[in-house]
Amino acid sequence: VQLQASGGGLVQAGGSLRLSCVASGRTFSNYAMAWFRQAPGKEREFVAGIDWNGGRTGNADSAKGRFTISRDNAKNTVYLQMNSLKPEDTAVYYCAASRSPLYSASQAGFGSWGPGTQVTVSS
């Protein structure tokens, strides 16, 4: 699977961004998707995941109530709507395609990764 994320940028604290990730190379509706992020000096961490049909989603505690993951299987695209952004959300955000129709928060379950998009939140 080839993944290409977009939508990152510079935003003030309290603002919003929507990330998009377009997939190609496999039947998109066969697998779960997720977003991860990596801040400078920190390990990559799970942000949000969504099952193959959008029937189940989940967020990391840091994203609950602020971020929403969704997908459009007709467009081979997964989204991450990020609201009420904080400076600590600054990171490179990666979309990832799972080996399974069901997502998990473990990076080991994801076989394909996009190149990442930078999100910077200023205070």
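Selection of the range 5-26 for residues being among the hydrophobic types (A, V, I, L, M, F, W, C), over 15 Å from the mean Cα position of the chain (by Cα) and part of a strand (DSSP E or B) yields 10, 11. The residue pairs whose first member lies in the range 59-70 and is closer than 13 Å to residue 89 by Cβ, whose second member is open to solvent by less than 50 Å² (accessible area, probe 1.4 Å) and part of a loop (DSSP other than H, G, I, E, B), and whose beta carbons are closer than 8 Å, counting only pairs six or more residues apart or on different chains, are 66/85.
In summary, residue 52 fulfils each of the numbered conditions (1) without any contact (Cβ under 8 Å) to a residue 40 or more places away in the chain; (2) touching a Pro at 6+ places or on another chain (Cβ under 6 Å) with the single exception of condition (1).
Among residues of the range 94-123 that are free of Cβ contacts under 8 Å to residues at least 40 places away in the same chain and among the small types (Gly, Ala, Ser), none has a Cβ under 6 angstrom from a residue that is open to solvent by 60 Å² or more (accessible area, probe 1.4 Å) and assigned to a strand (DSSP E or B) at a sequence gap of 6+ or on a separate chain.
Give the residue that is surrounded by the fewest Cβ atoms within 10 Å (Cβ to Cβ), with candidates limited to residues of the range 19-58 that are under 27 Å from residue 121 (Cβ atoms) and of a type in the set (S, T, N, Q). Per the criteria, the residue is 38. Being part of a strand (DSSP E or B) and of a type in the set (Phe, Trp, Tyr) is the filter; apply it to the range 33-58 and report the residue that is nearest to the chain's Cα centre (by Cα). Step by step, filter the range 33-58, then rank; the result is 35.
The values are calculated or read from the model by the stated rules, or taken from the named source; none is laboratory data. Since this is a predicted model, take the numbers as computed values, not measurements. A quick note on method: Cβ atoms are made from the backbone with ideal geometry, for glycine too, and the neighbour counts reach across all protein chains shown. Surface areas here come from the heavy atoms of the whole protein model, side chains and all, with no ligands, DNA or RNA. Shrake-Rupley method; radii C 1.70, N 1.55, O 1.52, S 1.80 Å.
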